Each structure stands twice: as structure tokens, then as C-alpha cells.
Amino acid sequence: MSHVAHELHEEFPEKAEAIHALKASNAHFARLAEEYHTLNRTIHRIETEVEPADDATVEDLKKKRLTLKDEIAGLMAAL
């Protein structure tokens with residue numbers, strides 16, 4: 001499989017250790033990170049034409065990914 005862009009450790013390279021620690025210690029953060037990961041993989045499959053989707057669906061998924069990323073960033077900033 002080709003490289004999947006937008007993984008959390010790439011979006012926040014300076015926070016890689018914090019991401020790992022939060023996944024282990026904070027159930028809410030772990031759930032958000034897993035949801036982000038799953039959504040990101042779905043978008044990647046659509047963008048690489050492995051899975052079909054219309055433009056509106058792709059845009060909705062990307063907006064949801066951005067919302068999750070913002071929430072994750074907020075939790076990390078609160079540290």
C-alpha cells in the first residue's frame with residue numbers, strides 16, 4: 001500500500017511522544033485518535049481510487065477529519 005498522508009505523527013511531528021502517551025493514558029484521546037486514523041485511511045482509499053465516493057462525500061469526510069484533528073490538537077495543547 002502506498003504512503004498514507006495526514007497520519008497524526010506527521011501532522012504533529014513535535015508531539016509524537018505526547019500522542020503515544022495520551023493514547024495510553026487517556027481513553028477519550030485514544031478513541032479520537034482511532035477515529036481519526038480510521039477516517040484518514042478511508043479518505044486515502046478513496047483518493048487512491050480503491051474505494052469509490054462522490055465529491056460531496058469526500059468533502060464531508062475531510063471536514064470531519066479536520067474537526068477531529070482540531071479536537072486532538074486542543075487536547076495536546078492543554079498539556
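For the stretch 61-75, take each phi angle, set θ = phi - 60°, evaluate the Karplus expression 6.51 cos²θ - 1.76 cosθ + 1.60, and give the result in whole Hz per residue in order, putting x for glycine and proline.
5, 5, 5, 5, 4, 5, 4, 5, 4, 5, 5, 5, 4, x, 5
Under 8 Å for C-alpha pairs, at least 6 residues apart: give me the relative contact order for the chain, rounded to a whole percent. List each step's numbers first, then the result.
Details: 39 pairs, mean separation 25.6, N = 79.
Relative contact order, the chain: 32 percent.
Under a point-charge model restricted to the Cβ atoms of Lys and Arg (+1) and Asp and Glu (-1), what is the dipole moment magnitude of the chain relative to its Cα centre, in debye to the nearest 20? Each step should come with its number before you reach the end.
Details: 10 positive and 16 negative charges, 63 e Å.
Result for the chain is approximately 300 debye, rounded to the nearest 20.
Can you pull the percent of the chain's accessible area that's carbon plus sulfur, 1.4 Å probe, other chains left in place? Provide the component values of the computation, followed by the final result.
Numbers: 2800 of 5170 Å².
Answer for the chain: carbon and sulfur cover 54 percent of the accessible area.
The values are calculated or read from the model by the stated rules, or taken from the named source; none is laboratory data. These figures come from a predicted structure and were not determined experimentally. No Cβ is skipped: glycine too gets one built from the backbone with ideal geometry, and neighbour counts run over all protein chains shown. When the accessible area is computed, the model is the full protein with side chains, heavy atoms only, and any ligands, DNA or RNA have been set aside. Shrake-Rupley method; radii C 1.70, N 1.55, O 1.52, S 1.80 Å.
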